[in-house]
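Encoded as C-alpha cells, the structure appears first; notes follow it.
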Amino acid sequence: MTAQQEGLPSQYAPAEVEARRYEHWEKAGYFTPEAQEETGAPSYTIVLPPPNVTGILHIGHALNHTLSDILIRRRRMQGYRTLWLPGMDHAGIATQNVVERELAKEGLSRHDLGREAFVERVWQWKGEYGGRILSQMRRLGDSVDWSRERFTMDEGLSRSVQTIFKRLYDDGLIYRAERIINWCPRCLTALSDIEVDHSDDDGELVSIRYGDGDNAIVVATTRAETMLGDTAVAVHPDDERYQHLIGKTVELPLTGRVIPIVADAHVDPTFGTGAVKVTPAHDPNDFEIGRRHDLPVLAIMDSRGVITAHGPFEGLDRFEARPAIVAALKEDGRIVKEVRPYVHAVGHCSRCSTTVEPRLSLQWFVNVAPLAKAAGDAVRDGRVKISPPELNPRYFGWVDDMHDWCISRQLWWGHRIPVWYGPDGEVRCVGPDEAAPEGWTQDSDVLDTWFSSALWPFSTLGWPDDTADLRAFYPTSVLITAYDILFFWVARMMMFGLYAMRGKTPAEQVPFQTIVLHGLVRDQFGKKMSKSKGNVVDPIDWMDRFGADATRFTLARGATPGSDEAISEDWAAGSRNFSNKLWNATRFALMNGAEVTGAAPAGQHLTTADRWILSRLAAVIAEVDGLLESYEFGKACEALYHFAWDEFCDWYLELAKVPLASGDEQAASSTRQVLGFVLDQMLRLLHPVMPFVTDELWCALTGEDSVMVAAWPHFDFADPRAEAEIGSLMRLVTEVRQFRSGQGLRPGQRVPARLTGIEATSLAPHEESIRTLLRLTAPEDDAFTASAALLAEGIAVELNLAGTVDVEAERKRLDRDLTVARKEAQAMTAKLANEAFTAKAPAAVIDKSRQRLTAAEAEIARLESRLAAL
C-alpha cells in the first residue's frame, strides 16, 4: 500500500514527524557533499558561526540558523554542491569558569590540580557536558554536514592557529608590549571588547581641588581611588581659563607628589571643569596622553583590584578605597562641591559581571593596520558585498579606525601562545612542525578565543594544507550573522582570510563573497529580551509547543535585512496553524485523487480556476526567487504564506470542488493534475523554511524519498485573462460575504438569491462556483421577492431573507453593538479633546486613538443603516 493510499493522520503532530525525518535525512547522506565531483555542479558554502561549547540554543541562534538553512536547502534543491559546516568554539573564559565552579564544589582550585591536569579536566567536561546545542540544532532542522564538524581546539584547527601566529609574528604583525587593556579582577585575565558588557550604573561625581592659591585647579571624577596614580592634570591648549597654568605644577592631594599641568587636544573643555586628571596606568585615554607627554606610569592596584599604593589605603579593595579616599579628601578640605549622583557607562565582564578595570599590562597584540586596510579594500572594490549595503559605513567606520588587538589571555584553557623564552632572554616563536627548544619556557598565556574563530572559514577546510575541501569550498559563499558582531568577528575573519590566502587571486582570497547581516530578536513590543524583564523566548519551548517548522517560519517571516525583529507567542501559534492548514490541504488533495505526474498540466480541459492558480504559482515562484536572492526572507515568507493560505487553500480548493463533483471525468482529471502539481511545487517552495511538515506531506503526495533532494521549482506560465476573471470572482464573493454578515446571516446558512446581469459579465461561466462559495440557492419560481440587495462587479445580487433572520432578535443584537460602538466613540473623542493627553502622549499612541475613533464612527454608521433597513 502506498503512502497516498494510506493517507495522512487527521492531525499534524510535529513530535511524531520531526525526529524521524531528520534521522532519515542524516542517514541518507543528504547533508554531505563530495569535494571531488565530476558533474561540474557549482559549490555553495556557509560556515556556521560556532556557538560556545558551553552554550544552549537561544532565540538569536534559532534565527541565524533558520536563515542559513533556508539558503542551503534552496541551493541544494537547485543542484549546487552545498556545504553547511558546523562546529563549536572552545569559549576560553566561559568554559574555564564552568569547570572552576565545578572544582570549587570539591573544595579545589585549578592551582591545586596544576595546568596539565586542569586542562585534562576541561576536556573531560567537554566530552560529558559540552555541546548540548548540537542536539538542539538537529531539533531545529539544521541541515549541516555533521561529518565535517569542527572544534576550535581540535588538532587540525590548533595547527592552523600555530601556523598563522608564526607567520604574523615573523612578518612583524604580532608583538608584545605594555598597553591599557580591559581586565577582569575576578577572572584574572585580559578581555576583548566583545567580552565587556556596558551598562549605565549609578555612581558619584567628585570635584577635587588640586593645589592651592593661584595654581589651584579643579578636576571631576567618578573613580576617586585612581587619583593615587595621577601623574598630571590636562587641559585643552585653547582653553583660556587655564592658559596661565599650562607648564606649571600642582601638588597631588593626599600623596604630597608634585605633578605637571599639560595641554592636550584630547581634553573636552566643555565637560565638567575642562580639566582632567591623568592616570596613565588605569585609563586608555590617559595612557595615550601620558605617551604624548612622556609622563610616568604608576600602577596603584594589583590584578585583583586591591590598592597597592599609599599606606593609609593599601590593601583595600578598589570599591572600599573609593569612599575612604573621598572621606580623606573632605577632611583635607579638597572637595569643592557636594558629591553628587552621576549615572555613567561602566564595563562589566560578560562572564561573571565583575566591573572591568582598565589596567596597564604586558600583553600580546596584533598590528592590525595593514590587515584592516585590506579588509576595507575588499568591500570597497566589491569582492565582498554587505547586505544590506546601508551597513557599509558602519563596517568602514570600524576597519578604518581599528586599534591594535590584544590577543593574549591569562587562562589555562585555550591555544597556548607558541612563543618560548630561553635562559638568557632569547625569544623564539615555534611553528606547528617545529620542535620546542629544550630547556626553554613557553609563554603561559593563551590566545583570545576570537583569534581561532577568525580562522574559521578556512581552518575548518584544512588550511594550511592544500586540501580538496579548501579547493572546493573556499571562498565560502555567504556569511549570515547578527550585525552586532560585524566588528568583533566578521572584520577579524576578513583580516585573517585575506592574509592567509595571499598567494591566491584577489577574488579567491576573501573568506566569503557576501555578508548578510540580520538584526536582533526582540519581544512583541520591540523591547530587548532579558531574563530580568521575563520576556525571553526559549526556542526549545516553542518547538515543544508549536513545532520546529512554526518556530522557523515565525523567525524567518519577521526577518528584514539589518533590522531588529519583534516576535510573539501569538505569531508562533499562527505559524503552527499554517502548518495545520498545509496538512489539511494535502489530506483534501489525497482524498480527492490528486495526481503528481511530473509534468505541468496542460490542455483544453483546464478550467479558468486551474489556469488562474497555475499562473499565480509561476508568479510566486519568480517573486520568491527574487526575494531570496536579495536575502529578503520576511517578504519571501509573506508571499508564500498568502499564496498557500489565501489563494490555494481558501480559494482554489473551494473552486476545485465544482469540477471534482461535476461528473465530468475529463474536467475532474485535469483538476486532479493541477491540484497535485501546484501542491507539489508549493511544498518544494516552502521546504527551505518549513522542512519537516513539507517533507512529510510531499512524500505522502508523491511517494518519493524526500523533497529535500527534489528540484527547486521553475515554471513559466502566465494567463492574465484567468487571473482577471478569478480576481473579479474573488472580489464579488468577498463583498457578498461581508454583506451577508451584515444582514445577520450565518456563514453556512443557505439563502435564495438572484444574480441579475451575470450573463453579461465574464463571471457567467462561474455562476455555479459563486453560488457554492456563497451558499446561495437558485430561486424556485418567478415569484422571487428580494428583501436585500447589493451591486458588485456589475452584478445585482438580490437576497430573499424571508424566514432566514429573526428580525426582533437581530434588532436587539444590533442595539447592543450600537451602544458599545457609541461608548467607544465617546471615550476616544474625550481622550483626543484632552490637551494633557495630546501634549504628552507619543505620536503613535495619539494616532492609534484617532484610528479607534474613526473605526467606531464607521461601525456606528453601519449599525444605524442596518437597523433602519430592519
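Placing +1 at every Lys and Arg Cβ and -1 at every Asp and Glu Cβ, with all other atoms neutral, what dipole size does segment 706-863 have around its Cα centre, in debye to the nearest 20?
1040
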Of every Cα-Cα pair in segment 349-470, the percentage lying beyond 18 Å is 70
Percent antiparallel among DSSP beta bridges confined to the chain, nearest 5, equals 70
In the list (1) 201, 109, 54; (2) 115, 75, 55; (3) 107, 63, 58, the entry giving Cα extents along the principal axes in Å computed from the coordinates is (2)
Sorted by accessible surface (1.4 Å probe, heavy atoms of the protein chains only), largest first, MET494, MET730 come out as MET730, MET494
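For the pair LYS657 and ALA796, what calculated FRET efficiency results from E = 1/(1 + (r/R0)^6), where r is the Cβ-Cβ distance and R0 = 30 Å, to the nearest 0.05? Walk me through the intermediate numbers first.
Numbers: r = 26 Å, r/R0 = 0.86.
Efficiency for this residue pair is about 0.70.
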Honestly segment 626-728 on the Cα gyration tensor test (a ≥ b ≥ c root eigenvalues; a/c under 1.5 rounded, otherwise a/b vs b/c for prolate or oblate) is just oblate
HN-Hα couplings for segment 414-425 via Karplus (6.51, -1.76, 1.60; θ = phi - 60°), in whole Hz with x for Gly/Pro, come out as x, 7, 6, 4, x, 10, 10, 10, x, x, 10, x
From highest to lowest solvent-accessible area (probe 1.4 Å; ligands, DNA and RNA excluded), LYS105, LYS812 read LYS105, LYS812
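Given contacts defined as C-alpha pairs under 8 Å and at least six residues apart, what's the relative contact order of segment 529-682, whole-number percent? Don't skip to the answer; put the middle values down first.
Numbers: 148 pairs, mean separation 47.3, N = 154.
Here the relative contact order equals 31 percent.
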Cross-link reach from LYS277 to lysines, straight Cα distance under 17 Å and at least 8 residues apart if same chain, gives LYS248, LYS337
Sorting LYS248, LYS277, LYS823 on solvent-accessible surface, 1.4 Å probe, most exposed first, gives LYS823, LYS248, LYS277
Whole-Hz Karplus couplings 3J(HN,Hα) for segment 49-64, θ = phi - 60° and coefficients 6.51, -1.76, 1.60, Gly and Pro as x, run x, x, x, 5, 4, 8, x, 10, 5, 9, 5, x, 4, 4, 5, 4
Residue by residue through segment 142-153, the couplings from Karplus 6.51 cos²θ - 1.76 cosθ + 1.60 with θ = phi - 60°, in Hz, x for Gly and Pro, are 4, 8, 8, 7, 5, 5, 10, 4, 10, 9, 4, 9
Relative to the chain, whose Cα atoms define the longest principal axis, helix 569-591 and its Cα axis are tilted in degrees, nearest 10, by 40
Between LYS385 and residues 5 or more places away or on another chain, the pairs with built amide H atoms under 5 Å apart involve THR514, ILE515
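Would you tally the net charge around ALA372, using a Cβ to Cβ cut-off of less than 12 Å, leaving ALA372 out, and scoring K and R as +1, D and E as -1? Please report the intermediate quantities before stating the final value.
On the way: positive: LYS373, ARG492; negative: ASP377, ASP400, ASP401, ASP404.
Its environment carries a net charge of -2.
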Magnitude of the Cβ-charge dipole (Lys and Arg +1, Asp and Glu -1) of segment 95-159 about the Cα centre, nearest 20 debye, reported as 200
Placing each pseudo-label 7 Å from Cα in the direction of the beta carbon, VAL336 and ALA566 end up separated by a distance in nanometres of 4.9
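What's the ranking of 61-70, 636-645 by average number of surrounding C-beta atoms within 10 Å, highest first?
Values: 61-70: 24.6, 636-645: 20.5.
With the highest mean Cβ count within 10 Å placed first, the list reads 61-70, 636-645.
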Counting only protein heavy atoms and leaving out ligands, DNA and RNA, the solvent-accessible surface of ILE758 at a 1.4 Å probe, in Å² to the nearest 10, equals 10
Length gained, SER741-ALA858, 0.36 nm per residue minus C-alpha separation, equals 40.5 nm
Taking a probe of 1.4 Å and leaving out DNA, RNA and ligands, the chain shows per residue an accessible area in Å² of 44
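For an R0 of 45 angstrom, estimate the FRET efficiency from the Cβ-Cβ distance between TRP440 and GLU16 and round to the nearest 0.05. All intermediate terms of the calculation are to be shown ahead of the outcome.
Details: r = 62 Å, r/R0 = 1.37.
Efficiency, from the Cβ-Cβ distance: 0.15.
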With Cα coordinates, the longest principal axis of the chain makes an angle with the long axis of helix 92-105, in degrees rounded to 10, of 80
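Roll a 1.4 angstrom probe over the protein heavy atoms and tell me the percent of accessible area of segment 772-850 that is carbon or sulfur. Numbers along the way, then the final one.
Working: 2590 of 4960 Å².
Carbon plus sulfur share of accessible area: 52 percent.
Quick one: net charge of GLN513's neighbours, Cβ under 12 Å, K/R +1, D/E -1?
Residues near GLN513 contribute +1 overall.
Can you pull out the GluC sites (Glu not before Pro) in segment 22-65 that DSSP calls coil and that have at most 15 other Cβ atoms within 10 Å? Could the numbers behind the result be given before it?
Values: sites: GLU23, GLU26, GLU34, GLU37, GLU38; in loops: GLU34, GLU37, GLU38.
Answer by residue number: GLU34, GLU37, GLU38.
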For 293-306, 770-783, ranked highest to lowest by mean beta-carbon neighbours within 10 Å, the order is 293-306, 770-783
Toy charge model, Lys and Arg Cβ at +1, Asp and Glu Cβ at -1: the chain dipole around Cα centroid in debye, rounded to 20, equals 1260
From the Cα centre of segment 50-119 to that of segment 189-218, the distance in Å is 37
The answer for ASP448, listing residues at least 5 apart or on another chain whose modeled amide H is closer than 5 Å to its amide H, is SER408, ARG409
The simple spin-label model distance between VAL196 and GLN410, using points 7 Å out along Cα→Cβ, in nm, is 1.6
Here the net charge surrounding LEU113, from other residues whose Cβ is less than 9 Å away from its Cβ (Lys, Arg +1; Asp, Glu -1), is 0
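Compute the FRET efficiency between ASP401 and ASP716 as 1/(1 + (r/R0)^6), taking r as their Cβ-Cβ distance and R0 = 56 Å, and round to the nearest 0.05.
Working: r = 51 Å, r/R0 = 0.90.
Calculated transfer efficiency: 0.65.
Relative contact order, percent, of segment 64-171 when contacts are C-alpha pairs under 8 Å separated by at least 6 residues? Don't skip to the answer; put the middle values down first.
Working: 55 pairs, mean separation 46.9, N = 108.
It rounds to 43 percent for segment 64-171.
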Rounded to the nearest Å, the spacing of the alpha-carbon centers of segment 223-261 and segment 495-529 is 45
Probe 1.4 Å, all chains present, heavy atoms only: VAL510 accessible area in Å², nearest 10, is 0
For the chain, the longest principal axis of the Cα atoms and the Cα long axis of helix 691-702 enclose an angle in degrees, to the nearest 10, of 30
Ignoring ligands and nucleic acids, GLU723 exposes an accessible area, probe 1.4 Å, in Å² to the nearest 10, of 60
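Could you work out what % of the accessible surface of segment 542-624 is carbon and sulfur, using a 1.4 angstrom probe and leaving DNA, RNA and ligands out of the count?
Working: 1300 of 2930 Å².
Its accessible area is 44 percent carbon and sulfur atoms.
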Length gained if ASP541 through ALA309 is fully extended, taking 0.36 nm per residue and subtracting the Cα-Cα distance, is 78.2 nm
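How would you rank 354-366, 676-688, highest first, on the average number of other Cβ atoms within 10 Å across their residues? Numbers along the way, then the final one.
Working: 354-366: 19.6, 676-688: 24.8.
Descending packing order for the listed peptides: 676-688, 354-366.
What part of the accessible area of segment 19-148, given as a whole %, is carbon or sulfur when the probe is 1.4 angstrom? Each step should come with its number before you reach the end.
Working: 2520 of 5220 Å².
Answer for segment 19-148: carbon and sulfur cover 48 percent of the accessible area.
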With label points set 7 Å from each Cα along the Cα-to-Cβ direction at THR355 and GLN826, the distance between them in nm comes to 5.8
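The values are calculated or read from the model by the stated rules, or taken from the named source; none is laboratory data. Just so it is clear, the model here is predicted, and its values are computed rather than measured. Please note: Cβ atoms are built from the backbone with ideal geometry, for glycine as well, and neighbour counts cover all protein chains shown. Just so you know, the surface numbers come from the protein's heavy atoms only, side chains and all, with ligands and any DNA or RNA stripped out. Shrake-Rupley method; radii C 1.70, N 1.55, O 1.52, S 1.80 Å.
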